[in-house]
1. If I filter segment 185-199 for residues that are within 16 Å of the ligand (Cβ to nearest atom), open to solvent by 20 Å² or more (accessible area, probe 1.4 Å) and in a loop (DSSP other than H, G, I, E, B), do I get at least one hit?
2. Checking the conditions here, which among Arg70, Arg53 is over 24 Å from Gly177 (Cα atoms) and either over 19 Å from the mean Cα position of the chain (by Cα) or aliphatic (A, V, I, L, M) (or both)?
3. May I ask you to list the residues in segment 14-38 that are among the hydroxyl-bearing types (Ser, Thr, Tyr), within 15 Å of the ligand (Cβ to nearest atom) and open to solvent by 50 Å² or more (accessible area, probe 1.4 Å)?
4. Just to be sure before I move on: is Ser5 away from the ligand (no atom under 12 Å from the Cβ), more than 17 Å from the chain's Cα centre (by Cα) and open to solvent by 20 Å² or more (accessible area, probe 1.4 Å) in the structure I sent?
5. I'd like to check something: does segment 166-182 contain any residue that is crowded, with 16+ Cβ neighbours inside 10 Å, within 26 Å of Ile21 (Cα to Cα), modelled with pLDDT of 95 or more and hydrophobic (A, V, I, L, M, F, W, C)?
6. Could you tell me which numbered condition Phe76 fails, if it satisfies all but one of (1) open to solvent by 70 Å² or more (accessible area, probe 1.4 Å); (2) away from the ligand (no atom under 16 Å from the Cβ); (3) under 30 Å from Phe15 (Cβ atoms); (4) at pLDDT below 95?
7. Identify the single condition in (1) in a loop (DSSP other than H, G, I, E, B); (2) under 28 Å from Lys46 (Cα atoms) that Asp175 does not satisfy, given that it satisfies every other one.
8. Considering only segment 39-56, state which residues are in contact with a Gly (Cβ under 9 Å, 6 or more places away or on another chain), near the ligand (Cβ under 10 Å from one of its atoms) and either part of a loop (DSSP other than H, G, I, E, B) or not hydroxyl-bearing (Ser, Thr, Tyr) (or both).
Amino acid sequence: MISFSGVCKSYPGGFEALKNISFTIPNGEMVFITGHSGAGKSTLLKLMTAIERPTSGSVVVNGQNVGALRPGAIPFLRRNFGLIFQDHKLLFDRNVFDNVMLPLNIRGFDRREAVRRVRAALDKVGLLSKEKTHPITLSGGEQQRLCIARAIVHRPAILLADEPTANLDSAYAGDLGELFKSFNQVGVTVIIATHDENLAARLKPRTIPLQHGMLAETAP
Ligand code: ADP
């Protein structure tokens with residue numbers, strides 16, 4: 001479960017990106033964080049994963065107070081999450097298989113188990129037949145699916161995606177929506193920051209609407 005209670009976040013310089021935010025996301029839910037550019041969506045996701053810390057209030061993930069974690073505990077917190085963030089670029093000098101293998105190598109997985117998991121993740125996103133190709137040869141939609149395979153290969157309980165359909169045409173965005181739905185159907189908590197109304201219409205998730213850093217009464 002993820003729980004925000006009276007969370008405020010000011011960035012250095014004093015800009016208040018989030019003001020008094022409280023909500024709870026139970027395990028296994030699909031939730032969209034919506035709102036205009038600059039509303040605070042990315043900041044919310046960064047607080048969940050301790051990329052940023054709240055200025056006041058508490059952020060609790062699976063019973064852990066994220067804002068109070070010591071640095072050594074942060075990698076353990078992050079194991080709960082699969083992150084699909086725009087600044088997590090694919091490695092264009094490695095093939096599709098190696099891009100998905102990388103997070104398991106970093107975590108020191110047994111090689112045979114890791115290979116099995118990489119193939120299962122690539123199969124899940126429909127890219128198994130392209131495991132030896134390089135990301136540069138993939139379409140935009142395929143590259144985004146590769147990012148998803150890399151995010152889920154360690155089987156996280158929570159999937160966080162920041163504007164996952166930003167650079168995709170609507171057909172690809174629809175495919176991606178179905179993929180997120182399939183993870184949610186097997187119990188993964190799926191949290192997507194987006195202003196893609198088509199995706200919301202298709203998946204009909206609960207929404208947490210933000211407006212200028214505050215919870216909006218209704219979706220803006
Ligand atoms: P969104 O994801 O909804 O576009 P963000 O959470 O990225 O919104 O940003 C919310 C506000 O906080 C914006 O005004 C942005 O400029 C500001 N902001 C985000 N990150 C930083 C930072 N590292 N330092 C200063 N201001 C920031």
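The values are calculated or read from the model by the stated rules, or taken from the named source; none is laboratory data. The structure presented is a predicted model; accordingly, all values stated were derived computationally and were not measured. Note: ideal-geometry Cβ built from the backbone for every residue, glycine included; neighbour counts use all protein chains shown. What goes into the accessible areas is simple: the full protein's heavy atoms, side chains included, and nothing from ligands, DNA or RNA. Shrake-Rupley method; radii C 1.70, N 1.55, O 1.52, S 1.80 Å.
1. So far as segment 185-199 goes, yes, one or more of its residues are within 16 Å of the ligand (Cβ to nearest atom), open to solvent by 20 Å² or more (accessible area, probe 1.4 Å) and in a loop (DSSP other than H, G, I, E, B).
2. Just one listed residue meets the conditions, Arg70.
3. Here is the first cut: in segment 14-38, the residues among the hydroxyl-bearing types (Ser, Thr, Tyr) are 22, 24, 34, 37.
If we keep only those that are within 15 Å of the ligand (Cβ to nearest atom) as well, we get 34, 37.
Residue satisfying the conditions is Ser37 alone.
4. Considered against the rule, which asks whether it is away from the ligand (no atom under 12 Å from the Cβ), more than 17 Å from the chain's Cα centre (by Cα) and open to solvent by 20 Å² or more (accessible area, probe 1.4 Å), Ser5 comes out as yes.
5. For segment 166-182, residues crowded, with 16+ Cβ neighbours inside 10 Å, within 26 Å of Ile21 (Cα to Cα), modelled with pLDDT of 95 or more and hydrophobic (A, V, I, L, M, F, W, C): present.
6. Evaluating Phe76 over (1) open to solvent by 70 Å² or more (accessible area, probe 1.4 Å); (2) away from the ligand (no atom under 16 Å from the Cβ); (3) under 30 Å from Phe15 (Cβ atoms); (4) at pLDDT below 95 leaves (3) as the failure.
7. (1)
8. Across segment 39-56, the qualifying residues are Ala39, Gly40, Lys41, Leu47.
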